[in-house]
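What follows is a single structure, written as structure tokens, with notes after it.
Only the coordinates and a few stated rules stand behind these numbers; no lab work does. Here the structure is a predicted model, which is why all the values come from computation and not from measurement. Every residue, glycine among them, receives a Cβ derived from its backbone with ideal geometry; neighbour counts consider all protein chains shown.
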Amino acid sequence: MTTRHLLLLPGDGIGPEVMGGARAVIDWFNARGAGFSFEEDLVGGCAYDAHGKAISDATMTRALAADAVLLASVGGPKWDDVPYEARPEAGLLRLRKDLGLFANLRPAICYPALADSSSLKRELVEGLDILILRELTGGVYFGEPKEIRDLGNGQKRAIDTQVYDTYEIERIAAAAFELARTRRNKVTSMEKRNVMKSGVLWREVVTDVHKRSYSDVELDHMLADAGGMQLVRAPKQFDVIVTDNLFGDMLSDVAAMLTGSLGMLPSASLGAADQKTGRRKALYEPVHGSAPDIAGKGIANPIAMIASFGMALRYSFDMVPEADLLDGAIAATLDRGLRTADIWSEGATRVGTTEMTTAVIAELDRASG
Ligand code: NAD
């Protein structure tokens, strides 16, 4: 019997407010027999206040045992001066590291109702649905040596090391092809093979993985700088983009902004598949932070958090029709003209966190008869 056990980590700032939105949606699915169980715990500044650490060992144990972790956001000015190792973001980094989350998925979806709030023309972004897959645990952010050396002549030398082993590229490439098979069956791999050895190996390994196991999927290669240009020139040409940690960091932010506000953007981070169950360790979280400027006011947009739960339905629980139902309910809510302050425009109805959540639930009710 497969379990559906979630660990919810609301965190700091607007985190608990937007997590309330996800909980309401979980309750809605449970009322229809989905059978999710969940527990809540602390991460970030609130965990520091309680335990002196951004995440306790007990919470980490719960995260490792859960089928999926849902996190809202961490941080805020209250913790600006805590020791570096205990800063709120350290909780996030430990989760990513200890769960072995090497694949970061960021969908860039443009809801028709919001197409005019993109910085690109409506026809370029309307109906956009692409997925950026970023390698998350290797590359230049982690490679050694990583240091600033004093050269002793009044000069210093800063060194970061871009390093990838075959297995790291193989597993992210395989994840990209698997994801593409559930979508429009196309992968674009981006690197800089013209100037970087890691780019040469990246292309070689992606090509091998493709030839060996995924030749039914269409594969293109693109230099990452040209890829950035194409992403703003004609974003709808892409389906799944797979790239390394550094390029993925930048390209996923570019892609995200094609579609409007931070309050709309979900993400997923996945680890290796379990040998027995096939289920991957997984963390789902909105792209936005704790928004201290609006925390406690009841005006935060809960959609990124709710859509992050939607990604959990899709990628951890194989509940694709339910995930489609939830995405449809979000789109229908926006079609009705309801907007939180971050996405509000002339003529729309301004609502708060609770009203937006209630409206999404009402659309779920409507769509499921
Ligand atoms: P932020 O994402 O918290 O906020 C940026 C702007 O977007 C703010 O004006 C905010 O009000 C708005 N915004 C963000 N989410 C929103 C939502 N759901 N609804 C409406 N408006 C929203 O980024 P920041 O201000 O640079 O950082 C604030 C704190 O969050 C810092 O402590 C930072 O370290 C932390 N942070 C955490 C994460 C995370 O938990 N993954 C990510 C980024 C930043």
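Only helices enter this figure: runs of n ≥ 4 DSSP H residues, each worth -39500 (n - 2.57), summed and divided by the residues of the chain, yield -12500 deg cm²/dmol at 222 nm to the nearest 500. Grab the other residues whose beta carbon is less than 11 angstrom from that of GLU178, score K and R as +1, D and E as -1, and report the net. Overall, the nearby charge balance is +4.
Run down the aspartates and glutamates and flag those whose C-alpha is under 16 Å from the C-alpha of LYS297, throwing out any fewer than 8 positions away in its chain. Result set, ordered by chain and number: ASP12, GLU17, ASP342, GLU355. Can you tell me how region 1-53 classifies by the Cα gyration tensor, rounded, prolate or oblate, using a/c under 1.5 as the rounded cut? Because a/c hits 1.5 or more and a/b fails to exceed b/c, region 1-53 counts as oblate. Annotation: lysines with alpha-carbon distance below 28 angstrom to LYS236 (same-chain offsets under eight excluded): LYS121, LYS186, LYS192, LYS211. With the charge dipole of the chain set up from +1 on Lys and Arg Cβ and -1 on Asp and Glu Cβ about the Cα centre, the Cα lying farthest toward the positive end among the listed residues HIS5, LEU270, THR340 is that of LEU270.
Only the Cβ atoms of Lys and Arg (+1) and of Asp and Glu (-1) were treated as charged; on that basis the dipole of the chain about its Cα centre amounts to roughly 520 debye. Note on the chain: GNM, Cα springs under 10 Å; of GLY328, GLY347, GLY139, the largest mean-square fluctuation is that of GLY347. Centre-to-centre, using Cα atoms only, region 186-202 and region 145-159 are separated by 29 Å. Summing Cβ point charges (Lys, Arg +1; Asp, Glu -1) relative to the Cα centre of region 270-327 gives a dipole of roughly 240 debye. For LYS156, the lysines whose Cα falls under 18 Å of its own Cα, not counting residues fewer than eight places away in the same chain, are LYS146. Which shape class applies to the chain: rounded if a/c is under 1.5, otherwise prolate when a/b exceeds b/c and oblate if not, where a ≥ b ≥ c are the square roots of the Cα gyration tensor eigenvalues? Here the chain falls in the rounded category.
Under a plain spin-label model, where a point goes 7 Å from the Cα along Cα-to-Cβ, how far apart in nm are SER345 and ASP216? That separation, rounded to one decimal, is 4.0 nm. Placing a pseudo-label 7 Å from each Cα along the Cα-to-Cβ vector at ASP318 and LYS276 gives an inter-label distance of 1.7 nm. Computed from point charges on the beta carbon alone (+1 for Lys and Arg, -1 for Asp and Glu), the dipole magnitude for region 228-359 about its Cα centre is near 120 Debye. Each Cα pair under 8 Å and six or more residues apart adds its separation to the average, and for the chain the resulting relative contact order is 21 percent.
If a/c stays under 1.5 just call it rounded; otherwise compare a/b with b/c (prolate if a/b is bigger, oblate if not). Do that for region 211-297, with a ≥ b ≥ c from the square roots of the Cα gyration tensor eigenvalues. Verdict is oblate for region 211-297. Springs between Cα atoms under 10 Å define the GNM used for the chain, and in it the highest mean-square fluctuation of ILE14, ILE109, ILE294 occurs at ILE294.
Between the amide H of LEU136 and those of ALA103, ASN104, distances stay under 5 Å, these residues lying 5 or more places away or on another chain, with hydrogens modeled in the peptide plane. Per-residue extension of 0.36 nm, minus the Cα-Cα distance of ASP98 and LYS197, leaves a gain of 32.8 nm for this segment. Across region 260-265, coupling constants 3J(HN,Hα) worked out from phi with the 6.51/-1.76/1.60 Karplus curve, θ = phi - 60°, read x, 7, 4, x, 9, 9 Hz, and Gly and Pro carry x.
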